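Asker: What follows is a single structure, and I will ask about it in a moment.
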């Protein structure tokens, strides 16, 4: 599975790259804001996107809807350091598979990216 990371925290992107790589996923790109993340998604065509809710240039939740509408329909998982940033149900309404706290990435996040549940 090819994954794009969109998060403004370089430290979290590095951690996510290691965790996802250890699970057999290929992190094909990274972006620190919504504009470059959308451009990377269009050019890289990832299977999945791990997307931060709070980006410096705009809301990651809104970006999730745009990414979900791409022709190849990448699997999107929203994430945040705030475990209450958005409910999984609200994330699904915006086109994402769900939401995980950044602290839960090693456990629930990998399964959500792989299986969508």
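Asker: Considering only region 42-57, state which residues are exposed (fewer than 14 other Cβ atoms within 10 Å of the Cβ) and either within 22 Å of residue 101 (Cα to Cα) or touching a strand residue (DSSP E or B) at 6+ places or on another chain (Cβ under 6 Å) (or both). Give the derivation first.
Answerer: So in region 42-57, the residues exposed (fewer than 14 other Cβ atoms within 10 Å of the Cβ) come out as 42-43, 56-57.
Answer for region 42-57, where residues must be exposed (fewer than 14 other Cβ atoms within 10 Å of the Cβ) and either within 22 Å of residue 101 (Cα to Cα) or touching a strand residue (DSSP E or B) at 6+ places or on another chain (Cβ under 6 Å) (or both): 56, 57.
Quick grid of which residues meet (1) without any contact (Cβ under 8 Å) to a residue 24 or more places away in the chain; (2) under 13 Å from residue 5 (Cα atoms); (3) under 10 Å from the mean Cα position of the chain (by Cα):
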residue	(1), (2), (3)
58	no, no, no
62	no, no, no
88	yes, no, no
92	yes, no, no
101	yes, no, no
105	no, yes, no
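Asker: Quick one: in region 75-85, which of the residues that are surrounded by fewer than 23 Cβ atoms within 10 Å (Cβ to Cβ) and within 11 Å of the chain's Cα centre (by Cα) is farthest from residue 32 (Cα to Cα)?
Answerer: 75
Asker: Counting just the residues of region 86-101 that are buried (at least 19 other Cβ atoms within 10 Å of the Cβ) and in contact with a strand residue (DSSP E or B) (Cβ under 7 Å, 6 or more places away or on another chain), which one comes out farthest from residue 16 (Cα to Cα)? So that I can check it myself, show each step before the final result.
Answerer: First, the residues of region 86-101 that are buried (at least 19 other Cβ atoms within 10 Å of the Cβ): 86, 91, 94-100.
Okay, now just the ones that are also in contact with a strand residue (DSSP E or B) (Cβ under 7 Å, 6 or more places away or on another chain), so 86, 91, 95-100.
Values: 86: 20, 91: 20, 95: 21, 96: 18, 97: 17, 98: 17, 99: 15, 100: 13 Å.
By that ranking, first place goes to 95.
Asker: Would you mention how many residues in region 13-41 are modelled with pLDDT of 95 or more, in a helix (DSSP H, G or I) and within 18 Å of residue 96 (Cβ to Cβ)?
Answerer: Matching residues across region 13-41 total 5.
Asker: I want to confirm something. Restricting to region 11-26 and keeping residues that are touching a residue at least 24 places away in the same chain (Cβ under 8 Å) and over 11 Å from the mean Cα position of the chain (by Cα), which single residue is surrounded by the most Cβ atoms within 10 Å (Cβ to Cβ)? Before you say what the answer is, go through the steps one by one.
Answerer: Restricting attention to region 11-26, the residues satisfying the condition of being touching a residue at least 24 places away in the same chain (Cβ under 8 Å) are 12, 15-16, 19-20, 23, 25-26.
After this cut, where a residue has to be over 11 Å from the mean Cα position of the chain (by Cα) as well, the list is 12, 15, 19-20, 23, 25-26.
Numbers: 12: 17, 15: 16, 19: 17, 20: 23, 23: 15, 25: 21, 26: 12.
In this case the residue turns out to be 20.
The values are calculated or read from the model by the stated rules, or taken from the named source; none is laboratory data. Predicted, not measured: the structure shown is a model, and the values here were computed from it. Every residue, glycine among them, receives a Cβ derived from its backbone with ideal geometry; neighbour counts consider all protein chains shown.
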